[in-house]
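Undergrad: First the structure, then my questions, so here it is.
What follows draws every value from the coordinates through simple rules; no lab data is involved. Note that the structure is predicted; figures quoted are calculated from it, not measured. Neighbour counts are summed over all protein chains in view; Cβ atoms, including those assigned to glycine, are modelled from backbone coordinates with ideal geometry.
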Amino acid sequence: MTAIQRRNPGDTRVLPATLHPVLRRVYAARDVGAEQLSLELTHLLPPDGLLGINVAASLLADAIAAGDSIVIAGDYDADGATGTAVGVLGLRALGASAVHYVVPDRFVMGYGLSPALAEQAAATGASVLVTVDNGIASIAGVERARALGLRVIVTDHHLPGEVLPAAHAIVNPNQPGCPFASKALAGVGVMFYLLLALRAELRRRGAFGDDSGPNLASLLDLVAVGTVADLVRLDHNNRILVEQGLRRIRAGRTRPGVLSLLACAGRDPARTSAADIGFGLAPRINAAGRLEDMCCGIECLLTDDLTQARELAMRLDGINRERRSIQDQMQFDAQELAQDNTATGVCLFHPEWHEGVVGLVASKLKESLHRPVIAFAQAHNADELKGSGRSIAGLHLRDVLARIDAERPGLIARFGGHAMAAGLSLRRDQLEVFAEAFDRVCLEQLAPTDLQRVILTDGELADDELNLETALALEDGGPWGQGFAEPLFEGRFDVELARPVGSDAAHIKYRLRSPAGVIDAIDFNGAERMQSRGRVQVVYALAVNRFRGAETVDLRIAELRPG
């Protein structure tokens with residue numbers, strides 16, 4: 001049974017009385033002070049707080065002055081794709097004579113700057129290589145790039161290992177000794193910051209004459225997409241980046257590819273939210289890297305031609321539909337495999353699973369089991385498995401892999417990632433040994449209370465707060481997302497009507513009554529817990545429903561039980 005707990009209410013006195021009272025309570029519960037209310041660009045942390053950024057900017061400025069070609073080594077997820085596009089567009093705007101990009105084939109090269117990808121990068125004729133969203137663990141790849149004569153700049157946000165690559169410059173807020181206050185920058189955010197530092201360096205050199213240089217804020221739509229897609233924590237700095245990007249999208253000042261992807265997802269650009277990025281754009285961009293080639297996603301973001309953007313967006317949409325079909329079958333397999341699995345740390349493998357989709361399977365199973373899960377698929381090499389894991393609060397997944405690697409050297413071939421998500425490779429005949437080690441470490445580090453799924457709420461709304469005015473205030477109070485959770489409220493209602501909706505009748509549409517009146521609600525994928533009559537206890541998000549020009553309030557149900 002899921003536990004429902006209320007957040008610590010916080011101190012509303014530190015917030016302006018002019019705020020909507022519900023929004024004040026929500027902000028206070030998230031420890032937001034008055035100094036964090038402004039999401040203007042003037043409040044961004046300065047770039048020179050990032051260790052190594054001035055060295056990297058100087059190297060790029062030298063390359064631009066010499067007319068040297070630059071190549072970006074990207075990644076095959078949405079963060080890497082947007083970061084690559086931001087790098088290409090930004091460097092071109094700042095005067096680079098030629099900018100290329102390469103992205104690894106995940107099924108052959110694997111993640112990051114491998115020696116093979118370094119050779120592909122060198123073949124472009126570039127003199128400088130810049131990684132995006134990878135490189136901090138690419139010891140051999142950086143060594144190979146340098147041997148080929150490339151000057152290497154690593155930009156990344158993943159946690160480093162004990163040894164750093166021998167790059168000419170490293171920009172990563174999570175590298176040892178970096179004082180940058182926001183450790184939650186996504187890969188695309190790190191690249192955007194490098195461009196800011198490069199522009200400042202070029203200004204110092206007089207590269208723009210009396211002008212101040214290009215407006216890099218034009219790239220913030222892509223920065224917002226990559227930041228939300230990568231599920232990094234929306235601290236104040238990231239909220240500024242995302243909010244500024246969302247404003248550009250809503251105003252129509254965005255890339256043709258973003259507009260086209262929103263159209264494929266059936267989202268209104270003028271009302272784009274972080275949720276629209278997370279559930280509409282990100283899956284379509286990610287699908288290319290999961291099943292095919294991320295170059296399709298990058299080209300969709302790079303093109304200035306709306307017709308070409310629409311064609312590429314439709315292709316991405318088709319790949320995403322294929323991904324959903326594959327995932328549905330894998331999810332069914334995973335539920336069957338997990339039925340008798342009593343491990344605290346769950347490892348699952350199926351010989352027919354798709355390597356590009358195992359992360360999604362692990363994520364869904366982690367939600368249903370509320371246990372750390374690693375799903376494995378057969379790699380391109382028949383003797384190797386590739387796994388993607390997702391964790392729960394209380395367990396730092398990458399640190400678990402690092403501990404297993406230290407205790408059993410050679411068991412894991414490669415690994416990397418974050419606290420909540422990580423990837424690894426190992427020999428197929430070592431899966432059972434690894435699964436036992438993973439379960440043992442998870443059992444040691446997780447308390448029984450950690451294995452209890454908890455929904456945190458912002459309490460109940462008064463009768464005079466359950467209305468459109470409150471919903472609009474909360475909508476404007478975002479962006480909401482990872483680490484800055486959308487407000488959830490709890491209450492008891494009487495069911496007046498409940499009916500299945502959707503092509504597979506998986507969703508339930510409700511009409512609920514409270515002392516405040518009658519209100520509509522939707523419970524996505526809530527068929528199994530449907531209540532057709534009586535009183536129910538509900539945890540919900542208060543949302544604005546827009547239809548044919550009219551705005552009404554409705555509830556998006558997160559938890560429902562007889563009450």
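Undergrad: Hey, what do the phi angles of segment 407-419 turn into as Karplus ³J(HN,Hα) couplings, whole Hz, using 6.51/-1.76/1.60 and θ = phi - 60°, x for Gly and Pro?
TA: 3J(HN,Hα) across segment 407-419, in whole Hz: 6, 10, x, x, 5, 9, 6, 8, 7, x, x, 10, 5.
Undergrad: Report, for the chain, the % of DSSP beta bridges that are antiparallel, rounded to 5.
TA: The antiparallel proportion sits near 65 percent.
Undergrad: Under the 0.36 nm per residue contour assumption, what length would be gained going from the current alpha-carbon distance of Arg247 and Leu497 to full extension? Please list the in-between numbers first.
TA: Details: separation 250, 0.36 × 250 = 90.00 nm, distance 3.79 nm.
Taking Arg247 through Leu497 to full extension adds about 86.2 nm, to one decimal.
Undergrad: Please pull out the direction-averaged projected area of the chain, using the convex hull of its alpha-carbon atoms, in nm² to one decimal place.
TA: Details: hull surface 105.6 nm².
Hull-based average projected area comes out at 26.4 nm².
Undergrad: I've got another one for you. I'd like the trypsin sites (Lys or Arg not before Pro) in segment 163-255 restricted to DSSP loop residues with at most 15 other Cβ atoms within 10 Å, sorted by number.
TA: Loop-located and lightly packed - Lys183, Arg205, Arg253.
Undergrad: Once every Cα of segment 218-376 carries one equal point scatterer and solvent is ignored, give the base-10 log of I(q)/I(0) from the Debye formula at q = 0.14, 0.19 Å⁻¹, two decimals.
TA: One equal scatterer on each Cα of segment 218-376 leads to -0.75, -1.10.
Undergrad: Could you work out how far the C-alpha centroid of segment 428-499 sits from that of segment 261-340, in angstrom?
TA: First find each Cα centre; the distance between them is then 24 Å.
Undergrad: Lysines within cross-link reach of Lys509: Cα-Cα under 26 Å, excluding same-chain residues under 8 positions apart?
TA: Partners within reach: Lys364.
Undergrad: Moving on to the next point. Report the FRET efficiency, 1/(1 + (r/R0)^6), for Leu41 and Asp62, where r is their Cβ-Cβ distance and R0 is 41 Å, rounded to 0.05.
TA: 0.90
Undergrad: So, one more: In terms of modelled amide H atoms, which long-range or inter-chain residues lie less than 5 Å from the amide H of Tyr101?
TA: Under 5 Å from the amide H of Tyr101: Ile72.
Undergrad: Once R0 is set to 25 Å, what does the formula 1/(1 + (r/R0)^6) return for the Cβ-Cβ distance between Asp31 and Gln452, expressed as a FRET efficiency to the nearest 0.05?
TA: For Asp31 and Gln452, the calculated efficiency is 0.60.
Undergrad: Continuing with the same structure: Between Asp504 and Phe279, what's the calculated FRET efficiency when r is the beta-carbon distance and R0 is 25 Å? Round to 0.05. Display every interim value, and only then the final one.
TA: Values: r = 18 Å, r/R0 = 0.72.
Between Asp504 and Phe279 the formula returns 0.90.
Undergrad: If exposed GluC sites (Glu not before Pro) are those in a DSSP loop with at most 16 other Cβ within 10 Å, what is the longest stretch of the chain that has none?
TA: Maximal segment without exposed cleavage sites: 163-351.
Undergrad: Moving to a separate point now. I'm a student and want to see the number: the projected area of the Cα convex hull of segment 43-315, averaged over all directions, in nm².
TA: 13.3 nm²
Undergrad: How far, in nm, would the chain grow between Thr552 and Met1 when pulled straight, counting 0.36 nm per residue and subtracting the alpha carbon separation?
TA: Between Thr552 and Met1, full extension yields an extra 195.1 nm.
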